[in-house]
1. What residues qualify as long-range amide H neighbours of A:Leu94, i.e. H under 5 Å apart, gap of 5 or more or another chain, H built at 1.01 Å from N?
2. Is there a quick way to get the dipole size of segment A:34-102? I mean about its Cα centre, with the Cβ of Lys and Arg at +1 and of Asp and Glu at -1; what is the value in debye to the nearest 20?
3. In whole Hz, what ³J(HN,Hα) sequence does segment A:124-133 give by Karplus (6.51, -1.76, 1.60; θ = phi - 60°), x for Gly and Pro?
4. Once the dipole of the protein assembly as shown is set up with Lys and Arg at +1 and Asp and Glu at -1 on Cβ about the Cα centre, which of A:Leu30, A:Tyr80, A:Ala103 lies farthest towards its positive end?
5. Please compute the modelled spin-label separation between B:Asn34 and A:Leu33, points set 7 Å along Cα→Cβ, answer in nm with one decimal.
6. Filter the GluC sites (Glu not before Pro) in segment A:23-86 down to the DSSP loop ones having no more than 16 other Cβ atoms within 10 Å, then list what survives.
7. Pairs of lysine in the protein assembly as shown with Cα under 17 Å and at least 8 positions apart or on different chains: total?
8. Using a probe of 1.4 angstrom, how much of the accessible area of chain A is carbon and sulfur, in percent?
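The values are calculated or read from the model by the stated rules, or taken from the named source; none is laboratory data. Because the structure is predicted, anything quoted here is derived from the model rather than measured. Quick reminder, even Gly has a Cβ in these numbers, built from the backbone with ideal geometry, and neighbours come from all protein chains shown. Ligands, DNA and RNA are stripped out before the accessible areas are found, and what is left, the full protein with its side chains, is counted by its heavy atoms. Shrake-Rupley method; radii C 1.70, N 1.55, O 1.52, S 1.80 Å.
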There are 2 protein chains.
Amino acid sequence: MKSSLTLEHQICFQLYTASKELTRLYRPILAPLNLTYSQYLVMLVLWEEDHIDLKQLGERLTLDSGTLSPLVKRLMQLDYVEKVRATDDERRVLLSLTPSGRALREQAEEVPLKVSGMLNIDEATYVAYMEMLIDIKARLRAFGEREE
Amino acid sequence: MKSSLTLEHQICFQLYTASKELTRLYRPILAPLNLTYSQYLVMLVLWEEDHIDLKQLGERLTLDSGTLSPLVKRLMQLDYVEKVRATDDERRVLLSLTPSGRALREQAEEVPLKVSGMLNIDEATYVAYMEMLIDIKARLRAFGEREE
DNA sequence: GGCAATTAAGTTGTGCACAATCTAATTATA
DNA sequence: TATAATTAGATTGTGCACAACTTAATTGCC
């Protein structure tokens with residue numbers, strides 16, 4: 001197994017920089033929507049499933065309350081989302097789209113198209129890359145479960 | 001091209017979570033060395049090339065001085081590195097390993113082995129995945145250069 | 001040689017990311 | 001049915017990551 005202690009031979013380094021550079025690509029695309037990359041991910045979830053509770057949202061994004069609480073606060077200041085306490089269980093907080101938040105979806109529709117264009121990648125390659133990343137995560141989780 | 005506005009279909013999301021989860025895996029492995037993941041990357045570079053200047057270091061890691069300055073300050077507090085101003089160009093600062101920093105390399109040797117074991121991945125797949133990630137970065141840079 | 005433009009680091013401010021801790025609501029159980 | 005354990009969310013503190021700005025050294029150009 002590749003064990004040489006060299007930066008470029010570490011898969012972690014390649015993942016880390018690829019992720020950072022892709023995020024950098026999003027920045028100017030998301031700027032007109034007044035969203036950071038993480039905020040965009042939250043909006044993606046809400047456009048898919050409105051009135052989701054913070055717990056589930058955190059699980060889908062692998063983010064804990066220490067990250068989500070202030071992030072959601074900023075989305076509220078932008079008037080894109082609102083919090084409603086669940087009636088059946090007063091601990092839960094449901095996150096909902098405001099009319100502005102719902103309307104933003106239309107502008108966001110073109111984000112993936114722009115990114116694909118920038119990556120200049122064909123469908124088959126795109127799918128292969130997605131599968132690789134999903135496989136890496138599966139291996140990480142498999143280990144996590146062995147350990148738990 | 002995949003343009004559906006769904007979280008799981010975005011390559012950016014898969015990259016982002018894969019990177020985060022892999023970094024999470026490193027945390028307990030690096031804890032005994034008193035290093036965060038980013039600090040570990042800096043040490044990797046130094047073990048490869050001692051007396052590197054901050055500018056070059058930043059280029060290799062895609063990090064700017066705003067990130068590196070405080071990070072290096074913490075590595076100095078740990079007595080792993082020291083800064084020396086270059087004599088030929090007083091603007092440049094060379095980063096060097098202290099004896100402790102050099103000694104740490106031995107403990108770090110086993111880090112990639114542990115990670116490989118956790119990922120439970122064979123050499124061929126590992127190499128294929130590395131190449132995909134490098135290709136993604138190449139596409140991102142190709143776009144960057146078209147735009148510049 | 002003198003001065004504008006450039007360059008390397010550092011600083012400040014904002015926003016993640018996460019561990020650890022706290023509070024309040026709910027569930028389990030003695 | 002009290003009370004202990006668990007759960008959801010918020011808060012605090014540390015450390016990235018990066019944009020924008022500052023300072024000091026160097027280079028370019030006249």
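1. The answer is A:Val84, A:Arg85, A:Ala86.
2. My answer is approximately 240 debye.
3. 4, 4, 4, 5, 4, 5, 4, 5, 4, 5
4. Selected residue: A:Tyr80.
5. Computed distance between label sites A:Leu33 and B:Asn34 equals 4.4 nm.
6. Here the GluC sites (Glu not before Pro) that fit, given the DSSP loop and packing criteria, are A:Glu49.
7. 13
8. Answer for chain A is 51 percent, counting heavy atoms of protein chains only.
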